[in-house]
1. I'm told B:Gly604 meets every condition in (1) surrounded by 22 or more Cβ atoms within 10 Å (Cβ to Cβ); (2) away from every other protein chain (no Cβ under 13 Å) except one. Can you identify the failing condition by its number?
2. Going through the stretch B:96-110 one residue at a time, which ones are farther than 16 Å from B:Gly72 by Cα and more than 8 Å from chain A (Cβ to nearest Cβ)?
3. Just give me the residues in the stretch B:482-501 being within 13 Å of B:Leu361 (Cα to Cα) and either within 13 Å of another protein chain (Cβ to nearest Cβ) or among the β-branched types (Val, Ile, Thr) (or both), in sequence order.
4. Which of (1) more than 10 Å from chain A (Cβ to nearest Cβ); (2) without any contact (Cβ under 8 Å) to a residue 24 or more places away in the chain; (3) small (Gly, Ala, Ser) is the odd one out, the single condition B:Ala209 does not satisfy?
5. Here is a check on your reading of the model: is A:Asp400 of a type in the set (D, E, K, R) and under 21 Å from A:Met359 (Cα atoms)?
6. Specify which of the listed residues (B:Asp193, B:Asp219, B:Asp290, B:Asp186) is touching a strand residue (DSSP E or B) at 6+ places or on another chain (Cβ under 9 Å) and more than 14 Å from chain A (Cβ to nearest Cβ).
7. Of all residues in the stretch B:219-262, count the ones that are among the polar types (S, T, N, Q) and in contact (Cβ under 8 Å) with a residue 40 or more places away in the chain.
8. Within the set of pairs 6+ apart or on separate chains, which have a first residue in the stretch B:144-160 that is within 19 Å of B:Ala325 (Cβ to Cβ) and in the same structural domain as B:Val41 (by the TED database), a second that is basic (Lys, Arg) and assigned to a loop (DSSP other than H, G, I, E, B), and C-beta atoms under 8 Å apart?
There are 2 protein chains.
Amino acid sequence: MKDFELSQEVKMANALRALAMDAVEKAKSGHPGMPMGMADVAAVLFNRFMTIDPKAPKWPDRDRFVLSAGHGSMLLYAIHHLLGYDDMDIEQLKNFRQLGARTAGHPEYGHADGIEVTTGPLGQGIATSVGMALAERMKNARYGDDLVDHFTYVIAGDGCLMEGISHEAIDMAGHLGLGRLIVMWDDNKITIDGDTDISTSTDQMARFAASGWHVVACDGHAPNDIAAAIEEARNDPRPSLIACRTIIGFGAPNKQGGHDVHGAPLGAEEIAAARKVLNWSYEPFEIPSDVYAAWGRVAKRGASARADWEARLAGHAARADFSKAEAGDTSALPAAIAAYKAKLSADKPKVATRKASEMALEVVNTTLPFSVGGSADLTGSNLTRSKGMTSVKPGAFGGDYIHYGIREHGMAAAMNGIALHGGLRPYGGTFMAFADYCRPSIRLSALMGVPVTYVMTHDSIGLGEDGPTHQPVEHLASLRAIPNLNVLRPADAVETAEAWEIAMTAKGTPNLLVLSRQNLPTVRTEHTGENLTARGAYLLRDPENRQVTLIATGSEVEIALAAADQLEAEGIRAAVVSAPCFELFAQQSREYVTKVLGTAPRVGCEAALRMGWDLFLGPQDAFVGMTGFGASAPAPALYEHFNITAEAIVAEAKNMI
Amino acid sequence: MKDFELSQEVKMANALRALAMDAVEKAKSGHPGMPMGMADVAAVLFNRFMTIDPKAPKWPDRDRFVLSAGHGSMLLYAIHHLLGYDDMDIEQLKNFRQLGARTAGHPEYGHADGIEVTTGPLGQGIATSVGMALAERMKNARYGDDLVDHFTYVIAGDGCLMEGISHEAIDMAGHLGLGRLIVMWDDNKITIDGDTDISTSTDQMARFAASGWHVVACDGHAPNDIAAAIEEARNDPRPSLIACRTIIGFGAPNKQGGHDVHGAPLGAEEIAAARKVLNWSYEPFEIPSDVYAAWGRVAKRGASARADWEARLAGHAARADFSKAEAGDTSALPAAIAAYKAKLSADKPKVATRKASEMALEVVNTTLPFSVGGSADLTGSNLTRSKGMTSVKPGAFGGDYIHYGIREHGMAAAMNGIALHGGLRPYGGTFMAFADYCRPSIRLSALMGVPVTYVMTHDSIGLGEDGPTHQPVEHLASLRAIPNLNVLRPADAVETAEAWEIAMTAKGTPNLLVLSRQNLPTVRTEHTGENLTARGAYLLRDPENRQVTLIATGSEVEIALAAADQLEAEGIRAAVVSAPCFELFAQQSREYVTKVLGTAPRVGCEAALRMGWDLFLGPQDAFVGMTGFGASAPAPALYEHFNITAEAIVAEAKNMI
């Protein structure tokens, strides 16, 4: 670049620094160190490379920018303000970290335009970006360069690279050869507790190279060096790590380079000193017009690229398909599921709900061209791969089934990334006990409201011999505790089909299917067009003047029905409620709830802990379930051993009447 | 080795193979592939290197053996049987995976002698072993080579190395230079879904080398090659990875080398074929006496080493200290905490409970010489480092404070390993929201019953501006859902001290302290010698003829007291219950529970979701708390915004009376 342009780029960077330090100071809270340290890298990236249009923040072929080091949120907000995002005026920056502001402490997806993903929990950004970059290649394989041809850029800190999820992410990206993924590592050698060398001595470049990445280093305060590294990364067919050697808090003369600058305001004195060092004579939150103009040119470049793309789309043969996938059009699914359900109620298969899930997926995957399956190396157990699916492989991204490897956390984050990217709808499976391994990413699905579907099989002691490490006991409660997550535990093939319909048509809610290893009979033997699972709970058996209500989920509905039979034989009228989704039941009308639950005493039954059942059960009601960890034995022996039987339900019911 | 010895070692290995395939066949369930593939490595390791004494399975200076690939449990059970562990007779092997047998599907700590750690959830074993190897060096620094001088050997599979936790573990071990840690990787190039190359292409040796490990490869079916690699590893000052190139299911002629042999019985025909290939003419579960004799010599070697060690200990100057630490003698702590509590009730400090925790740790750490602190890079936030603690560093293991780095999962697993190793008592801190990151290891603490202490600060929306990613909302419920885990949320400095006493004196239960970022007044203003927190809940204010009972935990106790004051001003008598530990309250007598809860209507208050509160609240009772995710703003604004206020409690109380 010419000298005057270079000095302008430095000014663009210093504007980021000034806004970051001023906003943190005003909020009396926040993290100035990262934005000031990475300002030069960010300025070069946006000034010379990024293609985004602030006026069309969801434009499908935009470059993605992921701030994995989410605590440096002011970097992102400052960029968005300078680029002219409509919803990021200077007042938002002045209200950094205040109630109702879009400028939350960490970037929150949906709070403001251009925030591609919620970050803050370390490592999530880089792992999510793998899903985004994978989605880009998968869509590219479907629609070609004219419609899909963009980069995913990530800024990651030492914390992101120390977290375990980063290993799953880089291994996956390296294996798949996601060359459009470029991670800029803020190599500042500082963590909260001090220098990085108090806790790590990994050679990160060697580590990434071991996983098949292209690696390059640059001086993170030398614009042309940064640009050369990014250029090299863009041209390499492998995913790239750029080690950006930076000084944390760059520009704050007395504090830069130390860990105190990481997460606290600089203070008035140091800010004044920084203004001098940076030659930045403007008032707090004042940006000179030439800097606005320079950032504005980035936005204009993006707008122009977007217009070109719109023109290409308009004349493209695949326009309709592309747009339907982008819109996530699932309008054909309900009818397909309804037809399939009618068949099921007639056939009455006795299959595990994981098998029923595979059967339902035949319908889902043949109806929705943009569904993408996968498993964390348990395909044959999770039964997530329906007929005709083809594997996504390095260099062959036309497939629709992803081998996520033994990486539950990486899978969940990648699914978030695929869903956030748009145009594809991911689901992925593992054993339910390993929901714990991907819980931080499940939480982000829920917090962001991205409609990812988790397929969790082997859902109770019913998995048998693998024993307590593999037997979920507390997982239903712990997953139901996550706000904005539908936990669906179907009782048979019909409910499983309904659960898939709910999951694949959901808009702002992730869904988690909880499926049995063991075979279960069809309990919904009469066909209903209505999706009863969407009610959360419903009456499966409803005798007049019921004396007791038995409520069960999943594999225990069969047991509750057997108990009702036994009670009936003794002249006791028991209603049976199947309750596949507590969250959806909690959204029903009072009338409906009253009708389902009735006024008779209740017995709940679930091969899990009681926590969470107060939605259905009062202190006088009974619960048949687990009280602690499971054990290793064949499933029938375990149900007997833990006394989760029809006889136990009958005893409780008779005890209460 | 001489030829006849070598052939004997092969027979020792084939005995493992035969027992594994026969036990899996009889159970009709299990994993023969790994035991058969790694039998040669295991035979060489035990025959030539391992120092253990089956008659003294807890002997402190034994070598540790960790089967990280826990699904290969039959390998471990077969070894223990052949070595002559008293509780592992042939009947146990015949009852593999049956109810009540010690031979659970995966190795369960405490189920049988010699099982050093529960494994099965992949990656946990290797990460736990880092804690064991670290404890070995820390104790060596304290007591010298005469008392502490042993190795930690690990067998890990591809799954262990793909899981993210493995990155945290190897980075930590490499940084600390844990040269006594030797990981034998079962490099069989097979995962459940197929060949490893469908999901990974990481060069594992390069990856480990990048983190400072010594790496060496061997032919996993060539005894002398295996032995040479182990010898080299033992002599290298760095932790070692031995890539053992093996064939999964080695010996099963038609199935070996494929993924079908991983997790299913071989079938009678293939077993017969394997017997031929292995030249193993014995009946199922029959072991010839020469093989028993060969394995017996390993046990004898260990017994002899143990006797030598006992003699060294008997004459050792540090004998008393060593034994006290081994026994985990915490008898001095209660009196020290009681004295400190008396001071607190007089001083009435207004501090955050994280600060109160730091203050209590001064007492704990000066009273217990074997406590070991640490944090996942949040020392200044978690306040886990009390005065006088010194950092554990590479080559300097005499310290008592561990910089775990930004590795919550690795920290938790390492703490399990330290506790399992014995002689040290670990605690470690992170933000409570990141409990999700280490949840699989917390679950294992609880399942194994190892008394690890988790210090989880920034426990609610009270952390303020960092926003919903960092604000626990569902975490109290999800952690309370884990069986055998005490979740302690103290309300002030007094309860915090009591919580630490509970945590550090616990025998078979891990404890998790949930601590505030914000300052809280001392609510226990009258000194009690009794540890009231150990009651789980107790009356803090108890007016006669109470009209309403307010129940709160942690930072909300202050709010409940303010509400009681307001109610009193209106002539309404409100009792206030502080409930720092639901689990301990559930263990109290019915009389005590009745006395505390009374019969008046109740209002619960906690800045978290209601789930789990049915221990205290019926359907008619009220709850003041959260109903979804938090937000980014200063803490006082958030409490107002989410209506967690004295006024809200008052309104609910008046509404019910």
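1. (2)
2. B:Gly110
3. Across the stretch B:482-501, the qualifying residues are B:Val494, B:Thr496.
4. Unmet for B:Ala209, out of (1) more than 10 Å from chain A (Cβ to nearest Cβ); (2) without any contact (Cβ under 8 Å) to a residue 24 or more places away in the chain; (3) small (Gly, Ala, Ser): (1).
5. Yes, satisfied.
6. Values: B:Asp193 fails: more than 14 Å from chain A (Cβ to nearest Cβ); B:Asp290 fails: touching a strand residue (DSSP E or B) at 6+ places or on another chain (Cβ under 9 Å); B:Asp186 fails: more than 14 Å from chain A (Cβ to nearest Cβ).
Sole residue among the options that is touching a strand residue (DSSP E or B) at 6+ places or on another chain (Cβ under 9 Å) and more than 14 Å from chain A (Cβ to nearest Cβ): B:Asp219.
7. We begin by selecting, within the stretch B:219-262, every residue among the polar types (S, T, N, Q); these are B:224, B:235, B:240, B:246, B:254, B:256.
Still in the list and also in contact (Cβ under 8 Å) with a residue 40 or more places away in the chain: B:224, B:240, B:246, B:256.
Summing the residues that are among the polar types (S, T, N, Q) and in contact (Cβ under 8 Å) with a residue 40 or more places away in the chain in the stretch B:219-262 gives 4.
8. B:His150/B:Arg62; B:His150/B:Arg180; B:Thr152/B:Arg180
The values are calculated or read from the model by the stated rules, or taken from the named source; none is laboratory data. Being a predicted model, the structure only gives us computed values, none of them experimental. Don't worry about glycine lacking a Cβ; one is built from the backbone with ideal geometry, like all the others, and counts go over all protein chains shown.
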